[in-house]
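Below is one structure, written out as structure tokens; the observations come after it.
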Amino acid sequence: MFHDRVAHAYLFYGEDGIGKRLTAVRFAQAINCDTDYGPDGPDACGTCRSCHQIEARTHPDFLLIEPDQEQTNPQIKIEQIRDLESQIIYRPLIGRRKVCIIDEADRLTLGAANALLKTLEEPPAHSLFLLVTSRPFALPATVRSRCQGLRFAAPARTQVEAALILRREIPPDDARFLAVVTQARIGQALQTDLGAARAQQDEFSSLASAESLESVTTLLTAAETLARADRATEALEWITRWVRDLVLVRIGADPDSLLNLDQLSTLKETVRNMPLDGLLDLLEDIEALQRSATRNLNLQMALETVLLRLRDALSVPAQAHST
């Protein structure tokens, strides 16, 4: 059976919100599912007692370790690994294996990582470790080397849309919107507040519109208000999406790739006289600012700069720029 041929430890890594932890949970269910379908059957039934218990985190042979999110700097501490060690040594009570998921494994403290390493070097035969991370290189190389690595990529957007329609019971247009705005990160798309995201889209596309950008005073006031409300980073993200849509429209890309598809006519009118190279430069500069957002960056000034640059781009005819 497949559960007898799995490695003792896996490292699931890839971007945030694309289903790594969910896959780890489904893997744990497949290992200990009450119904053994064999290699050609379903991974797990999802309906038996064992599958339900793992989903609810009440299965006696299933452990989930994660950082304490209430801490200022969430970490996985050595005490959590010591507790894991005290439980993993015993044989499974009802399942085939004892399965331990360590979510956000990159947040292991050095002491916790060293303690885990000792267990990974001599794991009990009945154990299975599933480490999940979006920052694999933040883990000690010694820990990574003891695991079989599996890199995850975001699923196709159409798959995310289908999952959203099924799981969240929302219309196709809303499913498409969430899939695009989260860049097909299925976990993030399932959790994103649709109403809040739509409201943000309306607010920031309005801010980036030609009408709003006509008044320097208005955009500077908006930047100050957003910065004081600690929303400058959020504003930069949405304005980046707007500018990216302008670029896509300018080059004649498939409209289906646009986030603001419902504002296609506005985008076309806005971009009609805008120089492509100016738009590309602006997009590159905004993305550079976003990458610097974790440093000591004056976000209000950054937002003001972006809005003023976008205003300038709107006022320069494409033919004048190219001559």
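Mind listing just one residue for me: the one in region 202-224 that is over 22 Å from V181 (Cβ atoms) and among the small types (G, A, S) and, of those, surrounded by the most Cβ atoms within 10 Å (Cβ to Cβ)?
A223
Test A156 against the criterion of being modelled with pLDDT of 95 or more and of a type in the set (A, V, I, L, M, F, W, C), and give yes or no.
Against the criterion (modelled with pLDDT of 95 or more and of a type in the set (A, V, I, L, M, F, W, C)), A156 does not qualify.
Do the conditions hold for A184, that is, is it surrounded by 15 or more Cβ atoms within 10 Å (Cβ to Cβ) and either touching a residue at least 60 places away in the same chain (Cβ under 8 Å) or at positive phi (or both)?
Against the criterion (surrounded by 15 or more Cβ atoms within 10 Å (Cβ to Cβ) and either touching a residue at least 60 places away in the same chain (Cβ under 8 Å) or at positive phi (or both)), A184 qualifies.
So which pairs qualify, if the first residue must be in region 33-51 and closer than 17 Å to D61 by Cα and assigned by TED's automatic domain parsing to the domain that holds L63, the second must be among the small types (G, A, S) and at pLDDT 80 or above, the Cβ gap must be under 6 Å, and the two must be at least 6 apart or on different chains?
C33/A44; C33/S50; D34/S50; A44/A30; C51/A44
Does region 200-209 include one or more residues that are in the same structural domain as L308 (by TED's automatic domain parsing) and within 21 Å of the chain's Cα centre (by Cα)?
Within region 200-209, one or more residues are in the same structural domain as L308 (by TED's automatic domain parsing) and within 21 Å of the chain's Cα centre (by Cα).
Please pick out the residue among A227, A253, A175, A197 that is surrounded by 14 or more Cβ atoms within 10 Å (Cβ to Cβ), among the small types (G, A, S) and modelled with pLDDT under 95.
That would be A227, the only listed residue that is surrounded by 14 or more Cβ atoms within 10 Å (Cβ to Cβ), among the small types (G, A, S) and modelled with pLDDT under 95.
Sort out which residues of region 228-257 are over 17 Å from S206 (Cβ atoms) and not in a helix (DSSP H, G or I), and write them in order of number.
Once the filter is applied, which keeps residues that are over 17 Å from S206 (Cβ atoms) and not in a helix (DSSP H, G or I), region 228-257 yields D230, I251, G252, A253, D254.
In the set E15, E66, which member is in contact with a helix residue (DSSP H, G or I) (Cβ under 9 Å, 6 or more places away or on another chain) and surrounded by 15 or more Cβ atoms within 10 Å (Cβ to Cβ)?
Exactly one residue qualifies, and that residue is E66.
For the subset of region 78-103 comprising residues that are crowded, with 17+ Cβ neighbours inside 10 Å and either outside the structural domain of S134 (by TED's automatic domain parsing) or farther than 17 Å from C51 by Cβ (or both), which member is farthest from the chain's Cα centre (by Cα)?
I88
The values are calculated or read from the model by the stated rules, or taken from the named source; none is laboratory data. The model shown is predicted, which means the values in this text are computed figures rather than measured ones. Cβ atoms come from the backbone with ideal geometry, glycine included; neighbour counts cover every protein chain shown.
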